[in-house]
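Report on the following structure.
Bear in mind these aren't lab numbers, they're just calculated from the coordinates by the rules spelled out. Model, not experiment: these values are computed from the prediction. Positions of Cβ are generated from backbone atoms using ideal geometry, with glycine treated the same way; all protein chains shown enter the neighbour counts.
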Amino acid sequence: MARLMARLSRLSRTSRLAPALLLAVSALAPVSSATADAGPVSEKPRTVVKRTVIGTSVQGRDIVAFRLGEPERPRVKTVVLLAAMHGNEAAPSQILRTLVKGRPIIGLDLWVVPTYNPDGVVAGTRKNANGVDLNRNFPYDWADLDGSYESGRRPASEPETKAMMAFLDQVNPSAILSFHQPLTGVDTDTKNPRLARRVARKLNLPRRTLDCGGTCHGTMTGWFNHTHKGAALTVEYGSRPSRHRMRKVAPDQVLSVFGAVRGRVGANPYPG
C-alpha cells in the first residue's frame, strides 16, 4: 500500500487523472492503531456522587446532604461532616462547601451537611425558627432547659432533629465531626480520645474539655455516641476564622484526619 501510494504521488505530477485515483485509494487505507484505539473523551470526574434532601426546617427550607468520595471503594470509612447547627456559627460551612465544589475526594465515603439549621443561618440566630437550640433537643440525656439553651417542648420535638437522627441512623458513619464556634478547640470529652487527639493535631487546634460545666444535655454528639458504634466529635473554631483558613487550609486538613485526599478518582490515597 505504501509503495502504491508513492507511485500514484509521482504520477500526479504528470497525469490529470492521478489525483482523483490517489484520493480514492487513500480512502481505502487502513486506520492507524492509534486512531482505532482512541475512545470517546472521558467526562470530568464528579465530585458530588449524590445530593439528597434529608429533611426540611421549621420554615420549609431544605436540609441538604452531599455524598462525596468513593463509596464503592472497598474498605473505605464512612464519615459525616456537618456545620451550622447553630445559625450564628456558620463560618465552618465554608469548609464543607469547598469540599463539595472542589476536586473529587479519594479514599473516603464522605457525607457533608453544610447547613444543618438553615432558618437560624438566615436569621443569624443560634436557635431554629421555633426558638429551640437544636444541640439541646436530641433525646439522649435531654433536660428541660430555658434561655439560650432552650431545649424544646420534648426530646426530638424539632423537624431538624428528626431529620438528622433519621439520616445518621441510615448512614451509620464510623465518625462524625460537628463544626461549631467560637470556643477554639477539639472536644476531649468523647468516646474516642485517639480520634480527638488526631483531629486536634491535623486541624492545628487545641484540645479542651467541652462538658458544659457538668453535662451537655440533649446534644447530637451525646446521642450518637450513646446509640451508635461510631464516634461523634465536636470541633470548635474561633469567633472569626479567616476565609483563607476555612477555604484553603481546613478542607485538606479535615480530609487528612481520615487519610483521604482530593485528586483523581481511583488514585491511591496512600502513595509510597
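Computed from backbone phi with θ = phi - 60° and the Karplus coefficients 6.51, -1.76 and 1.60, the 3J(HN,Hα) list for region 127-142 is 8, 7, 6, 8, x, 10, 6, 4, 8, 10, 9, 6, x, 7, 6, 5 Hz; x is used for glycine and proline. For Gly185, the residues whose modelled amide H falls within less than 5 Å of its own, excluding neighbours fewer than 5 places apart on the same chain, are Glu236, Tyr237. Gain on full extension, evaluated as 0.36 nm per residue between Arg198 and Arg247 minus their Cα-Cα distance, stands at 15.6 nm.
A straight line joining the Cα centroids of region 209-261 and region 59-134 runs 12 Å. Taking Cα centre as origin and charging only the Cβ of basic (Lys, Arg, +1) and acidic (Asp, Glu, -1) residues, the dipole magnitude of region 133-272 rounds to 980 debye. Decide, for region 130-196, between rounded, prolate and oblate: order the square roots of the alpha carbon gyration tensor eigenvalues as a ≥ b ≥ c, take rounded if a/c falls under 1.5, and otherwise choose prolate if a/b is larger than b/c, else oblate. Oblate. For region 72-217, the relative contact order works out to 24 percent when only alpha carbon pairs closer than 8 Å and six or more residues apart are counted.
Given R0 = 51 Å, the distance between the Cβ atoms of Thr125 and Arg73 translates into a calculated FRET efficiency of 0.80.
Computed from backbone phi, the HN-Hα couplings of region 160-165 come to 5, 5, 4, 5, 5, 4 Hz, rounded to whole numbers (Karplus: 6.51 cos²θ - 1.76 cosθ + 1.60, θ = phi - 60°; Gly and Pro given as x).
The calculated FRET efficiency for the pair Ala143 and Arg46, based on their C-beta separation and a Förster distance of 51 Å, comes to about 0.70.
How much net charge surrounds Leu210 when only the other residues with a Cβ under 12 Å from the Cβ of Leu210 are counted, with Lys and Arg +1 and Asp and Glu -1?
Counting the neighbours of Leu210, the net charge comes to -2.
Among the listed pairs Lys50/Lys77; Lys127/Lys162; Lys202/Lys248; Lys191/Lys248, those whose Cα-Cα separation exceeds 22 Å are Lys191/Lys248.
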